[in-house]
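Peer 1: Below is the structure I would like to discuss, written out as structure tokens.
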Amino acid sequence: MVNDPSVPPNLCFPGKEEVAKLVAEITGKKMAALENVVASIRCSRVEGNVRRKLTYIGYGSCTAANLAFGGPYACRYACIGLGECAESCPFDAITMKDGFPVVDVHRCVGCGTCVRTCPKGIIELIPLKARVWVPCSTKDPGKDVKEVCGVGCISCKMCVKACPAKAVELKDGIIKIDHQKCIEFGPDCNEICVEKCPRNIFRKYAGQENAVQETIRAAA
């Protein structure tokens, strides 16, 4: 592995960028651009007051509940909330609060276990230095979104049109952010994407843990 050039120096997730640099130096391997990443829950079910469409009774996992008509919530992309991601996390970086996963950005090492575990596919890894994010994963038309969620993205593309860095796009029905482009462009745009969003779901990123706590308090 030391001499194999196909094995990158950044496979020690807990060590993150600091350890990767040391491994690259010791092994003589080329150090590619690295960015510490953390898990991000792309859902605002609590804040959006997404109603339950059914009461799930069965095996207590998100995967099992998802097999029962897509889970208990009216939004088919909503977090199911049974904590399968928290149980799978080898670093105890996810806790369930009021039936919703909260990521401890200080514990998360970006290993991606939760991403692979979530049956809804609503967890993604984003740079810890990310400037903005969209805590919503819906791919439904705007009209349908408004019927089930008070804050969900309606794919209006106002953020796409406003972004001077061309870092935002609507791809496969969902807003995607090129965080590298966004970070490199810098703060001169004044996060105009956040300002233009009519649903206030395009937001400044200051650590997902704080963002979720704010939405939970707002919905209480």
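Peer 1: Return yes or no: is Val23 β-branched (Val, Ile, Thr), surrounded by 13 or more Cβ atoms within 10 Å (Cβ to Cβ) and modelled with pLDDT of 60 or more?
Peer 2: no
Peer 1: Would you mind listing the helices (runs of 4 or more DSSP H) fully within segment 62-168 where at least 1 residues are in contact with an Asp or Glu (Cβ under 9 Å, 6 or more places away or on another chain) and under 30 Å from Glu184 (Cα atoms)?
Peer 2: 113-117, 158-162
Peer 1: Looking at (1) over 20 Å from the mean Cα position of the chain (by Cα); (2) modelled with pLDDT of 95 or more, which is the only condition Ala220 fails?
Peer 2: Among (1) over 20 Å from the mean Cα position of the chain (by Cα); (2) modelled with pLDDT of 95 or more, the lone unmet condition for Ala220 is (2).
Peer 1: In this structure, does Lys166 turn out to be surrounded by fewer than 17 Cβ atoms within 10 Å (Cβ to Cβ), farther than 21 Å from Ile80 by Cα and at pLDDT 95 or above?
Peer 2: So Lys166 fits the description; yes.
Peer 1: Still on this structure, please answer the following. Could you say whether any residue in segment 145-161 is under 13 Å from the mean Cα position of the chain (by Cα) and buried (at least 23 other Cβ atoms within 10 Å of the Cβ)?
Peer 2: No, segment 145-161 has no match at all.
Peer 1: Being free of Cβ contacts under 8 Å to residues at least 40 places away in the same chain and crowded, with 17+ Cβ neighbours inside 10 Å is the requirement here; does Cys118 meet it?
Peer 2: Here the answer is no, as Cys118 does not meet what is asked.
The values are calculated or read from the model by the stated rules, or taken from the named source; none is laboratory data. What you see is a predicted model, and the numbers here were worked out from it, not measured in a lab. No Cβ is skipped: glycine too gets one built from the backbone with ideal geometry, and neighbour counts run over all protein chains shown.
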